[in-house]
1. If I fit a long axis through the Cα atoms of helix A:63-82 and take the longest principal axis of the Cα atoms of chain A, what angle between them do I get, 0 to 90°, rounded to 10?
2. Dividing the Cα convex hull volume of region A:2-289 by residue count, how many Å³ per residue is that?
3. About its Cα centre, what dipole magnitude does chain B give when the only charges are +1 on Lys and Arg Cβ and -1 on Asp and Glu Cβ, stated in debye to the nearest 20?
4. Any chance you could tell me what percent of the C-alpha pair distances in region A:75-208 go past 27 Å?
5. Which of the trypsin sites (Lys or Arg not before Pro) across region B:136-221 are loop residues per DSSP, with 11 or fewer other Cβ within 10 Å?
6. Enumerate the calculated ³J(HN,Hα) couplings along region B:171-181 in order (Karplus 6.51 cos²θ - 1.76 cosθ + 1.60, θ = phi - 60°), each rounded to whole Hz, writing x wherever the residue is Gly or Pro.
7. Apply 1/(1 + (r/R0)^6) to the Cβ-Cβ distance of A:SER306 and B:ASP97, taking R0 = 60 Å, and write down the FRET efficiency to the nearest 0.05.
8. Name the residues whose placed amide hydrogens come within less than 5 Å of the amide hydrogen of B:GLU112, ignoring near sequence neighbours (fewer than 5 apart) on the same chain.
Amino acid sequence: MDLGGLNLFVLIASLMVSATPILLAAIGETVVEKAGVLNLGVEGMMITGAVVGFAVAINTGSAPFGFVAAAIAAALLSLTFGFLTQVLLSNQVATGLGLTLVGLGLSALIGKPYEGLKSVVLQPVKIPVLSDIPGFGRMLFSHDPMVYISLIIVAGVWAWLKFTRAGLVLRAVGENHEAAHALGYKVIRIRMLAIMFGGACAGLGGAYISLVRVPQWTEGMTAGAGWIALAIVVFASWKPWRILLGAYLFGGVTVLQLNLQAMGVAIPVEYLSMSPYLITIAVLVFISARGNQNAPAALAKPFHASN
Amino acid sequence: MSFKNLITGAIAAAAMAGSAFAQDVTVGFVYVGPVGDGGWTYEHNKGRLAVEEHFGDRVKTIYQESVPEGADSERVMTQMALQGADLIFTTSFGYMDPTINVAAKFPNVKFEHATGYKRADNVSTYSARFYEGRAVQGHIAGRMTKTNKIGYIGSFPIPEVIRGINSAYIHAKKVNPDVEFNIVWAYTWFDPAKEADAAKALIEQGADVILQHTDSTAPQAAAEQAGNVVTFGQASDMSEYAPFPRVSSIIDDWAPYYIARTQAVLDGTWTSVDTWDGIGAGMVGIGEISSAVPADVKAEAEALRDALASGEYHAFTGPLNKQDGSAWLADGETADDGTLAGMNFYVEGLTATIPN
């Protein structure tokens, strides 16, 4: 399907790659926020995942190991946030911002010896038969495994939140932690696990940038992707499938405008670049006008069992 | 002498010793990207380290990295001035107005703004004639391309970047009349993922040479993955991607300038100046042309480099027309610095339009 030289299948294939880091980070943050915790440290966890994933992939010669290590490292980093905010009851906004700063500094330190090195990259897998379908094969069935894993995580989070008892408990904790506590649920433990899940997802997203999308280590290479992930969570009003839509929209606009430019189409790049943010604002205005923001009621509120 | 007196004495002695070795001058640097970007900021930071090494204890340097252009940079500069910086280098085009604003508030602090055109009594400007290096790149690009499509990743449509595009195009066209330029504006100086995406989009459209005017090595990585695509190091040598895809580079060497200006502050001879040096003065270096380039092309490129360095050839020499076909430079005429500094038009043959 060609639209004036623009191959739609190729475009969608590249937007899926471009959107995967923010998709992973945003779906993780959704679970964190659904549990009533606001972790603004996504950027810091992503960059930590990017550097650790890259370093481990180089040293072991295996990209999958890199991803696993990235998830573990970012989850451990998020645990410091969890300890400070859940046990010591520090302010979540300030602690999250601090986590970003720590992540950026720490990654620069860890990454120094890895600047300019080349790593094994995660190769695309062609799914037999399906990848041979003209157009759609290239678009949907010729990606690297992480693209599919990110989609599976989205579906899993959706099903888990909607259909399982554990998902219900997590949502209860996020809506009203005192009631959940009164019913005997371990609010802090549940939130800690949610924070770690969010960290692991952000780490995977970061590693995707350093192991697939670029692929190399450069200091500060996430360049604000974590903040976009946070915006997507609000844009999606905390709903997993809308997270997918939001991430592909943000990723899609970036790729679309670059491709249109490369084709020589004169487009007002500024407007296209700002459109996802304008849509986010429009969505926020719309949902608050309806009076139902769908935000977890206990979001960013501290909890102590004595209350 | 009691123990307490001994301690007090030691502290006093230490304080005196400290003041004797106190730095004469504090020099601040404001960077647009991280010092580890491998390109633009990396080279400015190398210049800072050279200042420290050259002056030792007499000069203290401070820096702030990844400072967004705009209001944030004003805060950072103010902070530096309040911290006691005597000389502040602001190293990105977008710091121009903030530098002028902060300089007005601190008349005793000297400022140096890179790549801009606004000066004041305590604000100098300095830049390098990168377009000379672009001429060499354009020559190699024109000779190396097989698809006759050259991709160009621009940051922002400002005179410095437009100059580079024009210079590269003129010299690519000279050796390959069929050459076409595809230009993508990234609207960022540093965003590796976006820069890589831009490179991939250009390669997708058939470009087999990528020139970049952004700061990270990401386009090099994208080109390497694609296989048959030629790139050039930007601002820094980026030799980790040599001999292929990176076949040559433009290297910014700020160290001599930073040392000279710091010396001027130490001597009390600093005045507001406008410096614009090129290959000849050593501010622009051409990185080694790698073995992936055929020997005859390499020899031509080196001859061009030497002619630019000696001044016998100017990168913008007529006859040249503007994009709309109107005459710009007559045969043998060279562009004046004023026109170059404010360049806001493409030369004839480029098909894109400059976004406003």
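The values are calculated or read from the model by the stated rules, or taken from the named source; none is laboratory data. Predicted, not measured: the structure shown is a model, and the values here were computed from it. Backbone-built Cβ (ideal geometry, glycine too); neighbour counts: all protein chains shown. Calculation scope for accessible area: heavy atoms of the full protein, side chains included, ligands and nucleic acids excluded. Shrake-Rupley method; radii C 1.70, N 1.55, O 1.52, S 1.80 Å.
1. Relative to chain A, helix A:63-82 is tipped by roughly 30 degrees.
2. On the way: hull volume 42.0 nm³, N = 288.
Looking at region A:2-289, the number lands at 146 Å³ per residue.
3. Values: 25 positive and 44 negative charges, 111 e Å.
With only Lys, Arg, Asp and Glu charged at Cβ, the dipole is about 540 debye.
4. On the way: 3789 of 8911 pairs.
Of all Cα-Cα distances in region A:75-208, 43 percent exceed 27 Å.
5. Numbers: sites: B:ARG143, B:LYS146, B:LYS149, B:ARG163, B:LYS173, B:LYS174, B:LYS194, B:LYS200; in loops: B:LYS146.
The qualifying sites are B:LYS146.
6. 7, 6, 4, 4, 9, 8, x, 8, 5, 10, 10
7. On the way: r = 53 Å, r/R0 = 0.89.
E between A:SER306 and B:ASP97, to the nearest 0.05, is 0.65.
8. When sequence neighbours closer than 5 places are left aside, the close amide H contacts are B:ILE88, B:PHE89, B:THR90, B:SER124.
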